[in-house]
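The values are calculated or read from the model by the stated rules, or taken from the named source; none is laboratory data. Here the structure is a predicted model, which is why all the values come from computation and not from measurement. Here the Cβ positions follow ideal geometry from the backbone for every residue, glycine too, while neighbour counts run over all protein chains shown. When the accessible area is computed, the model is the full protein with side chains, heavy atoms only, and any ligands, DNA or RNA have been set aside. Shrake-Rupley method; radii C 1.70, N 1.55, O 1.52, S 1.80 Å.
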Amino acid sequence: MRVRLVGYEPDLERVCAAAMRSCYSPHPGYELFTHTSQDKVLDGEKIFDAERIGGLLKRALELGHYDILEHNSITWLAEADEKEILFLMESSKFFETSQIDEKRWLITTNLRVLVELARSTNQLPLTKEMVATLNVAAPIIASSLAIKTATS
Amino acid sequence: MKMASKAILFSYTNYPQLTANLQEAGVKMGKDGMLRHGSFTFDLQGISRAASHQIVRHRIASFSQQSQRYVRVTRSYGYLKPPGIPEDLKVPVEIQGHKVELNLTDVMDLTRQAEEGLAAKGIKAEDARYLRPNAATTNIVMSMSPRQLIHFFNLRCAPDAQWEIRDLAWSMYAGVRLAAPQVFGPLPAASESDFIKKRVAIVDDLVRKGEDGFSGTPPGELFRLELQPTLELVHPVETFVRHY
(Lines give C-alpha, C1' and ligand atoms only; values in the text may rest on other atoms or scores of the structure.)
Protein backbone atom coordinates (compact mmCIF):
# COMPACT_ATOMS: atom_id res chain seq x y z
CA MET A 1 0.00 0.00 0.00
CA ARG A 2 1.45 3.32 -1.10
CA VAL A 3 -0.59 5.45 1.28
CA ARG A 4 -1.67 4.31 4.73
CA LEU A 5 -3.84 6.41 7.02
CA VAL A 6 -2.23 6.21 10.48
CA GLY A 7 -3.80 9.01 12.50
CA TYR A 8 -6.66 11.46 12.83
CA GLU A 9 -8.67 12.92 15.69
CA PRO A 10 -11.93 11.20 16.61
CA ASP A 11 -15.13 13.11 15.74
CA LEU A 12 -13.21 15.58 13.62
CA GLU A 13 -16.23 16.49 11.50
CA ARG A 14 -18.21 17.27 14.67
CA VAL A 15 -15.31 19.45 15.86
CA CYS A 16 -15.25 21.38 12.57
CA ALA A 17 -19.03 21.84 12.56
CA ALA A 18 -18.99 23.06 16.19
CA ALA A 19 -16.19 25.49 15.37
CA MET A 20 -18.19 26.77 12.40
CA ARG A 21 -21.39 27.23 14.36
CA SER A 22 -19.55 28.87 17.31
CA CYS A 23 -18.85 31.87 15.07
CA TYR A 24 -22.56 32.60 14.80
CA SER A 25 -23.89 31.43 18.16
CA PRO A 26 -23.87 32.92 21.66
CA HIS A 27 -22.91 29.40 22.79
CA PRO A 28 -19.26 28.35 22.73
CA GLY A 29 -17.82 25.55 20.58
CA TYR A 30 -17.68 22.81 23.19
CA GLU A 31 -21.29 23.41 24.29
CA LEU A 32 -22.37 23.00 20.67
CA PHE A 33 -20.11 19.97 20.21
CA THR A 34 -21.88 18.20 23.10
CA HIS A 35 -25.40 19.39 22.29
CA THR A 36 -26.50 15.91 21.27
CA SER A 37 -29.78 15.41 23.08
CA GLN A 38 -32.90 17.24 24.16
CA ASP A 39 -31.83 16.78 27.80
CA LYS A 40 -29.71 19.89 27.60
CA VAL A 41 -31.32 23.02 26.20
CA LEU A 42 -29.16 25.45 24.24
CA ASP A 43 -31.30 28.46 23.48
CA GLY A 44 -31.83 28.84 19.73
CA GLU A 45 -29.70 25.83 18.79
CA LYS A 46 -30.73 22.69 16.95
CA ILE A 47 -29.54 19.34 18.27
CA PHE A 48 -26.03 18.66 17.04
CA ASP A 49 -26.84 15.35 15.36
CA ALA A 50 -25.47 13.84 12.15
CA GLU A 51 -28.01 15.75 10.05
CA ARG A 52 -27.06 19.08 11.65
CA ILE A 53 -23.32 18.40 11.32
CA GLY A 54 -23.77 17.35 7.70
CA GLY A 55 -25.81 20.47 6.96
CA LEU A 56 -23.20 22.78 8.43
CA LEU A 57 -20.29 21.11 6.65
CA LYS A 58 -22.09 21.08 3.31
CA ARG A 59 -22.83 24.79 3.76
CA ALA A 60 -19.14 25.43 4.47
CA LEU A 61 -18.24 23.62 1.24
CA GLU A 62 -20.84 25.58 -0.75
CA LEU A 63 -19.65 28.91 0.64
CA GLY A 64 -15.98 28.06 0.33
CA HIS A 65 -15.50 28.62 4.08
CA TYR A 66 -12.78 26.02 4.21
CA ASP A 67 -11.05 27.58 7.21
CA ILE A 68 -13.35 25.79 9.64
CA LEU A 69 -12.02 22.51 8.24
CA GLU A 70 -8.59 23.29 9.68
CA HIS A 71 -9.40 22.21 13.25
CA ASN A 72 -7.85 18.75 12.96
CA SER A 73 -4.91 16.79 11.63
CA ILE A 74 -4.76 13.72 9.44
CA THR A 75 -1.55 11.69 9.15
CA TRP A 76 -0.40 9.13 6.58
CA LEU A 77 2.58 6.92 6.13
CA ALA A 78 3.30 7.13 2.41
CA GLU A 79 5.76 5.96 -0.17
CA ALA A 80 6.77 9.04 -2.13
CA ASP A 81 9.69 10.65 -3.87
CA GLU A 82 11.07 14.08 -3.05
CA LYS A 83 9.33 15.73 -6.00
CA GLU A 84 5.95 14.61 -4.72
CA ILE A 85 6.75 15.84 -1.22
CA LEU A 86 7.90 19.18 -2.64
CA PHE A 87 4.59 19.44 -4.54
CA LEU A 88 2.68 18.96 -1.29
CA MET A 89 4.75 21.48 0.63
CA GLU A 90 4.35 24.08 -2.11
CA SER A 91 0.60 23.56 -2.21
CA SER A 92 -0.16 24.50 1.42
CA LYS A 93 1.47 25.84 4.57
CA PHE A 94 -0.42 23.15 6.45
CA PHE A 95 1.72 20.23 5.29
CA GLU A 96 4.20 18.70 7.74
CA THR A 97 6.49 15.94 6.53
CA SER A 98 9.11 13.70 8.11
CA GLN A 99 11.32 11.41 6.09
CA ILE A 100 11.32 7.90 7.55
CA ASP A 101 13.72 6.25 5.10
CA GLU A 102 14.60 6.47 1.39
CA LYS A 103 11.05 5.75 0.26
CA ARG A 104 8.71 6.47 3.13
CA TRP A 105 7.43 9.72 4.59
CA LEU A 106 5.11 10.66 7.40
CA ILE A 107 2.73 13.31 6.07
CA THR A 108 0.30 15.41 8.11
CA THR A 109 -2.21 17.99 6.98
CA ASN A 110 -5.82 18.91 7.73
CA LEU A 111 -9.24 18.47 6.18
CA ARG A 112 -9.18 21.88 4.50
CA VAL A 113 -6.12 20.96 2.48
CA LEU A 114 -7.65 17.64 1.47
CA VAL A 115 -10.82 19.35 0.28
CA GLU A 116 -8.77 21.82 -1.73
CA LEU A 117 -6.76 18.95 -3.22
CA ALA A 118 -9.95 17.03 -4.00
CA ARG A 119 -11.33 20.03 -5.87
CA SER A 120 -8.09 20.77 -7.65
CA THR A 121 -7.55 19.81 -11.27
CA ASN A 122 -3.83 19.52 -10.64
CA GLN A 123 -3.51 16.31 -8.64
CA LEU A 124 -0.76 13.75 -8.28
CA PRO A 125 -1.50 10.05 -7.84
CA LEU A 126 -0.19 10.49 -4.28
CA THR A 127 -2.67 13.23 -3.41
CA LYS A 128 -5.51 11.25 -5.03
CA GLU A 129 -4.68 8.34 -2.75
CA MET A 130 -4.56 10.61 0.30
CA VAL A 131 -7.90 12.17 -0.58
CA ALA A 132 -9.36 8.70 -1.12
CA THR A 133 -8.85 7.95 2.59
CA LEU A 134 -11.18 10.81 3.50
CA ASN A 135 -14.20 8.59 3.79
CA VAL A 136 -12.61 6.93 6.82
CA ALA A 137 -11.68 10.11 8.70
CA ALA A 138 -14.42 12.39 7.37
CA PRO A 139 -17.32 10.44 5.81
CA ILE A 140 -19.69 13.41 5.46
CA ILE A 141 -17.13 15.50 3.59
CA ALA A 142 -16.10 12.49 1.47
CA SER A 143 -19.71 11.92 0.54
CA SER A 144 -20.23 15.59 -0.33
CA LEU A 145 -17.21 15.52 -2.58
CA ALA A 146 -18.34 12.15 -4.01
CA ILE A 147 -15.04 10.51 -3.21
CA LYS A 148 -14.78 6.82 -3.96
CA THR A 149 -14.28 4.32 -1.15
CA ALA A 150 -10.77 4.31 0.27
CA THR A 151 -8.60 1.46 -0.83
CA SER A 152 -6.38 1.55 2.27
CA MET B 1 -21.85 40.56 33.68
CA LYS B 2 -18.34 39.42 34.50
CA MET B 3 -17.40 36.08 32.95
CA ALA B 4 -15.23 33.18 34.11
CA SER B 5 -12.73 32.07 31.49
CA LYS B 6 -12.48 28.44 30.47
CA ALA B 7 -9.88 26.54 28.46
CA ILE B 8 -11.28 23.23 27.19
CA LEU B 9 -9.00 20.86 25.30
CA PHE B 10 -11.68 18.90 23.46
CA SER B 11 -9.92 17.41 20.46
CA TYR B 12 -6.34 16.20 20.09
CA THR B 13 -4.19 13.64 18.35
CA ASN B 14 -4.34 10.22 19.94
CA TYR B 15 -0.59 9.59 20.17
CA PRO B 16 -0.77 6.07 21.65
CA GLN B 17 -2.93 5.07 18.64
CA LEU B 18 -0.68 6.87 16.13
CA THR B 19 2.45 5.30 17.62
CA ALA B 20 0.86 1.84 17.55
CA ASN B 21 -0.15 2.26 13.90
CA LEU B 22 3.37 3.33 13.00
CA GLN B 23 4.95 0.47 14.93
CA GLU B 24 2.72 -1.94 13.04
CA ALA B 25 4.36 -0.61 9.88
CA GLY B 26 7.82 -0.95 11.41
CA VAL B 27 8.27 2.79 12.04
CA LYS B 28 9.53 4.20 15.31
CA MET B 29 9.34 7.96 15.75
CA GLY B 30 11.02 9.95 18.51
CA LYS B 31 9.32 12.64 20.58
CA ASP B 32 10.80 15.47 18.49
CA GLY B 33 9.59 13.91 15.26
CA MET B 34 6.06 13.50 16.58
CA LEU B 35 5.80 17.20 17.48
CA ARG B 36 5.11 18.02 13.84
CA HIS B 37 2.41 15.45 13.36
CA GLY B 38 -0.72 16.27 15.30
CA SER B 39 -3.22 18.90 16.32
CA PHE B 40 -4.68 20.18 19.58
CA THR B 41 -8.00 22.03 19.57
CA PHE B 42 -9.09 24.23 22.46
CA ASP B 43 -12.36 25.95 23.09
CA LEU B 44 -11.40 29.18 24.88
CA GLN B 45 -14.51 30.61 26.48
CA GLY B 46 -15.12 33.98 28.09
CA ILE B 47 -11.75 35.51 27.26
CA SER B 48 -11.34 39.19 26.52
CA ARG B 49 -11.05 40.57 23.01
CA ALA B 50 -7.70 42.00 24.17
CA ALA B 51 -6.43 38.46 24.81
CA SER B 52 -7.94 37.01 21.64
CA HIS B 53 -6.15 39.71 19.61
CA GLN B 54 -2.89 38.50 21.14
CA ILE B 55 -3.73 34.84 20.55
CA VAL B 56 -4.50 35.24 16.84
CA ARG B 57 -1.07 36.76 16.26
CA HIS B 58 0.26 33.21 16.52
CA ARG B 59 0.59 31.06 13.46
CA ILE B 60 0.63 28.52 11.96
CA ALA B 61 -2.68 27.99 13.74
CA SER B 62 -6.40 27.92 13.04
CA PHE B 63 -9.07 30.03 14.70
CA SER B 64 -12.88 30.21 14.66
CA GLN B 65 -14.05 33.18 16.72
CA GLN B 66 -17.51 34.30 17.78
CA SER B 67 -18.74 37.01 15.42
CA GLN B 68 -19.77 40.40 16.78
CA ARG B 69 -21.78 41.02 13.60
CA TYR B 70 -23.95 37.93 13.82
CA VAL B 71 -24.14 37.47 17.60
CA ARG B 72 -25.82 40.58 18.95
CA VAL B 73 -24.57 42.19 22.14
CA THR B 74 -27.85 41.33 23.85
CA ARG B 75 -27.00 37.64 23.44
CA SER B 76 -23.29 37.75 24.16
CA TYR B 77 -22.71 40.56 26.65
CA GLY B 78 -19.91 40.05 29.11
CA TYR B 79 -16.58 41.55 30.04
CA LEU B 80 -13.40 40.59 31.82
CA LYS B 81 -12.23 42.94 34.52
CA PRO B 82 -8.45 43.43 34.70
CA PRO B 83 -7.32 42.69 38.28
CA GLY B 84 -4.96 45.68 38.00
CA ILE B 85 -7.90 48.11 37.99
CA PRO B 86 -9.36 48.40 41.52
CA GLU B 87 -13.14 47.95 41.74
CA ASP B 88 -13.63 51.31 43.44
CA LEU B 89 -11.23 53.32 41.28
CA LYS B 90 -13.07 56.15 39.57
CA VAL B 91 -11.85 58.51 36.87
CA PRO B 92 -13.29 61.95 36.11
CA VAL B 93 -14.88 62.37 32.68
CA GLU B 94 -16.85 65.18 31.14
CA ILE B 95 -20.00 64.49 29.13
CA GLN B 96 -21.78 67.41 27.48
CA GLY B 97 -20.47 69.82 30.10
CA HIS B 98 -21.33 67.56 33.04
CA LYS B 99 -18.49 66.20 35.15
CA VAL B 100 -18.97 62.70 36.48
CA GLU B 101 -16.74 60.03 37.96
CA LEU B 102 -16.94 56.53 36.58
CA ASN B 103 -15.42 53.18 37.53
CA LEU B 104 -14.74 50.34 35.10
CA THR B 105 -18.15 48.74 35.69
CA ASP B 106 -19.84 52.06 34.87
CA VAL B 107 -17.93 52.37 31.60
CA MET B 108 -18.75 48.79 30.62
CA ASP B 109 -22.40 49.43 31.38
CA LEU B 110 -22.37 52.66 29.37
CA THR B 111 -20.89 51.05 26.27
CA ARG B 112 -23.41 48.21 26.50
CA GLN B 113 -26.30 50.64 26.82
CA ALA B 114 -25.00 52.73 23.92
CA GLU B 115 -24.53 49.69 21.67
CA GLU B 116 -27.97 48.33 22.48
CA GLY B 117 -29.38 51.82 22.01
CA LEU B 118 -27.90 52.12 18.54
CA ALA B 119 -29.28 48.71 17.62
CA ALA B 120 -32.71 49.74 18.94
CA LYS B 121 -32.59 52.77 16.65
CA GLY B 122 -32.04 50.50 13.66
CA ILE B 123 -28.26 50.76 13.36
CA LYS B 124 -26.81 47.53 11.99
CA ALA B 125 -25.11 45.27 14.56
CA GLU B 126 -21.97 45.36 12.43
CA ASP B 127 -21.73 49.13 13.03
CA ALA B 128 -23.05 49.26 16.61
CA ARG B 129 -20.34 46.79 17.66
CA TYR B 130 -17.69 49.45 17.11
CA LEU B 131 -18.52 50.63 20.64
CA ARG B 132 -17.47 47.29 22.15
CA PRO B 133 -14.46 47.64 24.52
CA ASN B 134 -11.38 45.40 24.57
CA ALA B 135 -12.66 43.91 27.83
CA ALA B 136 -15.68 42.42 26.01
CA THR B 137 -15.59 38.66 26.21
CA THR B 138 -15.50 36.32 23.26
CA ASN B 139 -15.31 32.60 22.52
CA ILE B 140 -12.70 31.20 20.16
CA VAL B 141 -11.87 27.70 18.94
CA MET B 142 -8.16 27.38 18.32
CA SER B 143 -6.05 24.57 16.84
CA MET B 144 -2.27 24.26 16.77
CA SER B 145 0.30 21.54 16.17
CA PRO B 146 2.39 20.51 19.19
CA ARG B 147 5.43 22.27 17.73
CA GLN B 148 3.55 25.55 17.37
CA LEU B 149 2.03 25.15 20.83
CA ILE B 150 5.47 24.84 22.40
CA HIS B 151 6.48 28.07 20.66
CA PHE B 152 3.26 29.69 21.95
CA PHE B 153 3.92 28.45 25.50
CA ASN B 154 7.55 29.61 25.46
CA LEU B 155 6.44 33.15 24.64
CA ARG B 156 3.15 33.40 26.52
CA CYS B 157 4.03 31.51 29.72
CA ALA B 158 6.89 33.97 30.26
CA PRO B 159 6.76 36.47 33.14
CA ASP B 160 6.66 39.43 30.72
CA ALA B 161 3.53 38.12 28.93
CA GLN B 162 0.30 39.86 29.91
CA TRP B 163 -1.55 38.24 32.82
CA GLU B 164 -4.60 37.05 30.87
CA ILE B 165 -2.87 35.30 27.97
CA ARG B 166 -0.20 34.04 30.40
CA ASP B 167 -2.86 32.44 32.61
CA LEU B 168 -4.51 30.92 29.52
CA ALA B 169 -1.16 29.62 28.25
CA TRP B 170 -0.39 27.91 31.58
CA SER B 171 -3.87 26.41 31.65
CA MET B 172 -3.45 25.10 28.10
CA TYR B 173 0.04 23.82 28.85
CA ALA B 174 -1.27 21.87 31.84
CA GLY B 175 -4.04 20.46 29.62
CA VAL B 176 -1.68 19.16 26.93
CA ARG B 177 0.70 17.74 29.53
CA LEU B 178 -2.18 15.66 30.85
CA ALA B 179 -3.58 14.68 27.44
CA ALA B 180 -0.33 13.95 25.60
CA PRO B 181 2.68 13.31 27.83
CA GLN B 182 4.17 11.44 24.85
CA VAL B 183 4.98 14.75 23.13
CA PHE B 184 4.80 17.47 25.80
CA GLY B 185 7.46 17.71 28.48
CA PRO B 186 9.11 20.60 30.32
CA LEU B 187 9.17 23.83 28.31
CA PRO B 188 12.45 24.71 26.57
CA ALA B 189 12.14 28.23 28.04
CA ALA B 190 12.46 26.74 31.55
CA SER B 191 16.21 26.56 31.08
CA GLU B 192 16.35 30.36 30.80
CA SER B 193 13.72 31.43 33.30
CA ASP B 194 13.37 30.53 36.97
CA PHE B 195 9.74 31.72 36.80
CA ILE B 196 8.95 29.20 34.06
CA LYS B 197 11.06 26.47 35.65
CA LYS B 198 9.23 26.79 38.97
CA ARG B 199 5.81 26.73 37.32
CA VAL B 200 6.66 23.78 35.08
CA ALA B 201 7.51 21.86 38.25
CA ILE B 202 4.15 22.86 39.76
CA VAL B 203 2.32 21.75 36.59
CA ASP B 204 4.26 18.45 36.70
CA ASP B 205 2.96 17.88 40.20
CA LEU B 206 -0.63 18.93 39.47
CA VAL B 207 -0.79 16.78 36.34
CA ARG B 208 0.62 13.79 38.22
CA LYS B 209 -2.07 14.23 40.86
CA GLY B 210 -4.73 14.50 38.15
CA GLU B 211 -3.69 11.41 36.16
CA ASP B 212 -5.84 8.89 38.04
CA GLY B 213 -8.93 11.09 37.84
CA PHE B 214 -8.33 11.70 34.13
CA SER B 215 -7.84 8.04 33.24
CA GLY B 216 -10.98 7.20 35.24
CA THR B 217 -13.08 9.79 33.40
CA PRO B 218 -15.62 8.13 31.06
CA PRO B 219 -14.71 8.37 27.36
CA GLY B 220 -15.99 11.58 25.82
CA GLU B 221 -16.39 13.32 29.18
CA LEU B 222 -14.42 16.29 30.47
CA PHE B 223 -11.94 16.07 33.33
CA ARG B 224 -11.40 19.25 35.31
CA LEU B 225 -7.78 19.91 36.14
CA GLU B 226 -7.47 21.94 39.34
CA LEU B 227 -4.67 24.45 39.00
CA GLN B 228 -5.59 26.98 41.65
CA PRO B 229 -4.43 28.15 44.08
CA THR B 230 -1.15 26.27 43.55
CA LEU B 231 -0.31 27.73 40.15
CA GLU B 232 -1.09 31.28 41.35
CA LEU B 233 -2.92 32.38 38.21
CA VAL B 234 -3.84 36.07 38.27
CA HIS B 235 -7.44 35.37 37.29
CA PRO B 236 -9.55 32.21 37.36
CA VAL B 237 -9.25 29.96 34.30
CA GLU B 238 -11.20 26.72 34.54
CA THR B 239 -9.17 24.01 32.81
CA PHE B 240 -10.76 20.93 31.22
CA VAL B 241 -9.50 18.04 29.10
CA ARG B 242 -11.75 15.66 27.20
CA HIS B 243 -10.89 12.04 27.86
CA TYR B 244 -10.93 9.69 24.87
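Here are the numbers for this structure:
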item	result
Segment B:161-244: proportion of alpha-carbon pairs further apart than 17 angstrom, %	45
Rel. contact order, % - alpha carbon contacts under 8 angstrom, at least six apart, chain B	27
Shielding by partners, peptide A:72-83 (average Cβ within 10 angstrom, other chains)	3
Relative contact order, percent, segment A:1-120 [alpha-carbon distance under 8 Å, six or more residues apart]	29
Low-density loop positions, GluC sites (Glu not before Pro), segment B:73-150 - DSSP coil, at most 15 other Cβ in 10 Å	B:Glu87
Sparse-neighbour loop sites [chymotrypsin sites (Phe, Trp or Tyr not before Pro); segment B:61-117; at most 15 other C-beta within 10 Å; DSSP]	B:Tyr70
Distance in nm between pseudo-label sites at B:Lys124 and A:Ser120 (7 Å out along the Cβ direction from Cα)	3.5
Portion, in percent, of the accessible area of chain B that falls on carbon or sulfur, probe 1.4 Å	51
Counting all C-alpha pairs of chain A, share separated by more than 23 Å (%)	38
Summed buried accessible area for A+B [probe radius 1.4 Å, Å², rounded to 100]	3300
Label point distance in nm, A:Glu45-B:Asp109, each placed 7 Å from Cα along Cα→Cβ	3.1
Accessible area expressed per residue, the protein assembly as shown, with surrounding protein chains retained (probe 1.4 Å, Å²)	47
Violating pairs (Cα-Cα greater than 28 angstrom) within the set A:Lys128/B:Lys28; A:Lys46/B:Lys6; B:Lys6/B:Lys99; A:Lys58/A:Lys83	B:Lys6/B:Lys99; A:Lys58/A:Lys83
Given chain B, longest segment not containing exposed loop trypsin sites (Lys or Arg not before Pro) (DSSP; at most 15 other Cβ within 10 Å)	B:125-244
